[in-house]
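What follows is a set of notes on a single structure, which appears directly below.
Throughout, read-outs are computed from the coordinates displayed, never taken from laboratory work. Bear in mind that the values here come from a model prediction, so they are computed numbers and not experimental data. Here the Cβ positions follow ideal geometry from the backbone for every residue, glycine too, while neighbour counts run over all protein chains shown.
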Amino acid sequence: MNVRGRIDEAIELLAGVETATIGHFRAEGFMRPDIQCVTDGVRIVGRALTVSLPADDGTALPHALALAEARDILVIERGDDDRHACWGAVMTAAALARGVTGVVIDGYVTDVGAIRSAGLPVWCRGRSPLTTKLRGGGSVAQPVTCGGVRVHAGDLVLADENGVCVLPPADAAEIAREAHAIQAREPEIVTRLERGESIVDVYGLAALPTA
């Protein structure tokens, strides 16, 4: 299987995985938990298209959208800016026209109602009425830091109601398989608990040392 085929396989496997399941056995790649989706009950997976926006400059976003392909997820670095919204109704329309799967922003958005109505999944830190301007800076498809995670263009992004996880493409399929195995065991665990078994026994835990 070629590289593109392995990535497509990993994306297909990850589509059935919860970020929290991966959090049971992996510690790397999880963005800060304050980055959450503006729409409930959504899960997406795709390739990262990275964007860096300095301060109040949103110029790189139109350039990123001109390069975006179907199944891409825009991952947008906002650095130290904690005031400006870089995403709104117009960018949402542009992303949908390119087939973008979703957007992850280490910063703020505006036009939340329009974003929700359009159906584009967007993860962010919150909302702001103060927007970025077109000042000529920024970068596309370069390494960024988003939500405390270093992200490279082409990394795989899994995002759901619990948060955002970034995975290296080479390891993603194996990680997804391990997550599927964990999720397959969960119904039996719940059944045993409902029958009255102690969760300590279900987990096979040794007794804690006494003082």
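The Cα center of region 1-66 and the Cα center of region 78-139 differ in position by 15 Å.
Name all residues of region 44-61 having a backbone nitrogen under 11 Å from the label point set 7 Å from the Cα of LEU130 along its Cα→Cβ direction, giving them as ranges. Zone members listed by number: 56.
Are there GluC sites (Glu not before Pro) in region 2-45 that DSSP puts in a loop and that have at most 15 other Cβ atoms within 10 Å, and which ones? Don't skip to the answer; put the middle values down first.
On the way: sites: GLU9, GLU12, GLU18, GLU28; in loops: GLU18, GLU28.
Hits after loop and neighbour filter: GLU28.
Would you please classify the overall shape of region 139-211 from the alpha carbon gyration tensor, given that a ≥ b ≥ c denote the square roots of the eigenvalues, rounded means a/c under 1.5, and beyond that prolate means a/b larger than b/c while oblate covers the rest?
Values: a/c = 3.25, a/b = 2.29, b/c = 1.42.
In terms of gyration-tensor shape, prolate.
Scanning the chain for DSSP H helices at least 30 Å long along the axis (C-alpha atoms) with a Kyte-Doolittle mean no lower than -0.5 picks out 169-194.
For region 108-211, GluC sites (Glu not before Pro) meeting the loop criterion (DSSP other than H, G, I, E, B) and having at most 11 other Cβ atoms within 10 Å: none. A crude spin-label estimate for the pair ILE182 and GLU9, with each label 7 Å from Cα along the Cβ direction, gives 2.2 nm.
Rg/Rh, computed from the Cα trace of region 1-140 with Rh as the Kirkwood radius, has the value 0.97.
Between THR50, THR191, THR59, where does the largest GNM mean-square fluctuation fall for the chain, given springs only between Cα atoms within less than 10 Å? Among THR50, THR191, THR59, the largest GNM mean-square fluctuation belongs to THR191. Note on the chain: helix-only mean residue ellipticity at 222 nm, from DSSP H runs of 4+ residues weighted -39500 (n - 2.57) and normalised by residue number, equals -10000 deg cm²/dmol. Each residue, ALA66 and ALA114, gets one label point 7 Å from its Cα in the Cβ direction; the gap between the two is 2.1 nm.
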